[in-house]
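Trainee: Encoded as structure tokens, here's the structure I'll be asking about.
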Amino acid sequence: MTRIGASIAALLLLLLPAAAQAVDPRLVPDVSSRSIEIQYSFTGEELLLFGAILYPGQRLPDDRADIVVVLKGPVRPVVLREKQRIAGMWVNASSIRLRTSPGFYAIGSSRPIDKLVDERTAAIFELGLKNLSMSPTGFSEAKKLERFEAGLVDLYRRMGLFYENPSAVEITEGVLYRARIPVPARVPVGTYRAETYLISKGRVLAVASRDVQIRKAGFERFVALAAQRHGFLYGLAAVALSLLLGYAASALFRRR
């Protein structure tokens, strides 16, 4: 091969990734609220994830594309303990520590996940509650780990912190999409990521995300900041308030 031919071949290799990207569609996502404030009257909220699919040349493909949306965060370590009844008493028998358990995880899709991608792809992108990677510390038996994780998922489901809906996403004219994700009142504060996946023929074509802040506001925010920044003074104030309320209650009952 001549030097010119080698140069042309090298140039083609460099242009191939750019060409592949040019033919793939891209996502333009957004959320109805970038910040959710939790006050004493907060009873939950419904977050709308919406956006558009931009196809190259504005030409819609013949094959149907699907959308999966995920809202998750914040990631934190969790210790799970299993209780057993020994000699008529319930005691902690064993425990497992998970390093990367999300405090909230909600997923919605236009069709069930198992009909969109194979198990390997779902595990790579952590699509679905059964595909969450929680990074257990230390060695643990597979059956034991599966039992603990299933218990955590069931508990968080009942608390509204884990949510899964295979028909939550609506796609209009193959371009516009929208999905509503319920945010419960007991949701933890922190930074959340709203992720959108465009899937076709079992392949993830595009991924886009937006950040959502969930934080306390008003008097709740004041109390939370006081506990974090001035822990000792906050403890003293809590003890003093408890003593004051106890004294007031005893005085009230003595008068009666």
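Trainee: Give, as a single signed number, the net charge of other residues whose beta carbon lies under 15 Å from the beta carbon of residue 210, with Lys and Arg counted +1 and Asp and Glu -1.
Mentor: That sum, taken over residues with Cβ under 15 Å, equals +2.
Trainee: For 64, 147, write out the residues from largest to smallest accessible area, computed with a 1.4 angstrom probe and no ligands counted.
Mentor: 64, 147
Trainee: Which far-off residues, 5 or more places away or on another chain, put their amide H under 5 Å from the one on residue 110, with H placed in the peptide plane?
Mentor: 67, 169
Trainee: I'd like the Karplus ³J(HN,Hα) series for region 145-153: coefficients 6.51, -1.76, 1.60, θ = phi - 60°, whole numbers in Hz, and an x wherever there's a Gly or Pro.
Mentor: Using θ = phi - 60°, the values come out as 4, 4, 5, 5, 5, 5, x, 5, 4 Hz.
Trainee: Which order do the peptides 188-200, 155-167, 69-81 come out in when sorted by mean C-beta neighbours inside 10 angstrom, highest first?
Mentor: 188-200, 69-81, 155-167
Trainee: Right, another one. For region 22-216, what is the accessible area per residue in Å² when the probe is 1.4 Å?
Mentor: 57 Å²
Trainee: Using θ = phi - 60° and the Karplus relation 6.51 cos²θ - 1.76 cosθ + 1.60, list the HN-Hα couplings for region 166-176 in order, rounded to whole Hz, with x at every Gly or Pro.
Mentor: x, 10, 7, 8, 10, 10, 10, 6, x, 10, 8
Trainee: Then there is this: Please compute P(r) over all alpha-carbon pairs of region 22-216, binned at 5 Å starting from zero, and give each bin as a whole-number percent.
Mentor: That works out to 1, 7, 15, 18, 17, 15, 11, 8, 5, 2, 1, 1, 0, 0, 0, in percent per bin.
Trainee: Report the number of Lys pairs in region 22-216 whose alpha-carbons are under 21 Å apart, with separation of 8 or more residues or on distinct chains.
Mentor: Within region 22-216, the lysine pair count is 8.
Trainee: Let me ask you something else. Give the carbon-plus-sulfur fraction of the accessible surface of region 54-154 in %, rounded to a whole number; probe 1.4 Å, heavy atoms of protein chains only.
Mentor: Details: 3090 of 6180 Å².
Roughly 50 percent, rounded to a whole number.
Trainee: A follow-up question, please. If I model a spin label as a point 7 Å beyond the Cα along the Cα-Cβ vector, how far apart are those points for residue 34 and residue 48 in nm?
Mentor: Taking the simple label geometry, residue 34 and residue 48 are separated by 1.8 nm.
Trainee: In sequence order, what are the phi-derived ³J(HN,Hα) couplings for region 65-73 according to the Karplus relation 6.51 cos²θ - 1.76 cosθ + 1.60 with θ = phi - 60°, rounded to whole Hz, with x for glycine and proline?
Mentor: With coefficients 6.51, -1.76 and 1.60, one gets 9, 10, 10, 10, 10, 9, 10, 8, x Hz.
Trainee: Give, in nm to one decimal, the length gained when the segment between residue 100 and residue 171 is fully stretched (0.36 nm per residue of separation minus the Cα-Cα distance).
Mentor: Net length gain for the segment: 22.3 nm.
Trainee: Also: Between residue 36 and residues 5 or more places away or on another chain, which pairs have amide H atoms under 5 Å apart, with H built 1.01 Å from N, and which residues are they?
Mentor: Distant-sequence amide H within range of residue 36: 213, 214, 215.
Trainee: Okay, moving on. Say each of residue 180 and residue 209 gets a label point 7 Å from the Cα, pointing the same way as Cα to Cβ; how far apart are those two points in nm?
Mentor: Taking the two extended label points, one gets 2.7 nm.
Trainee: Counting only other residues whose beta carbon sits under 10 Å from that of residue 49, what net charge do I get with K and R as +1, D and E as -1? Don't skip to the answer; put the middle values down first.
Mentor: Details: positive: 178, 180, 210; negative: 30, 195.
Net charge in that neighbourhood comes out at +1.
The values are calculated or read from the model by the stated rules, or taken from the named source; none is laboratory data. Just so we're clear, the structure is a prediction, and the values are computed from it rather than from any experiment. Cβ: placed from backbone, ideal geometry, glycine included. Neighbour counts: every protein chain shown. Surface areas here come from the heavy atoms of the whole protein model, side chains and all, with no ligands, DNA or RNA. Shrake-Rupley method; radii C 1.70, N 1.55, O 1.52, S 1.80 Å.
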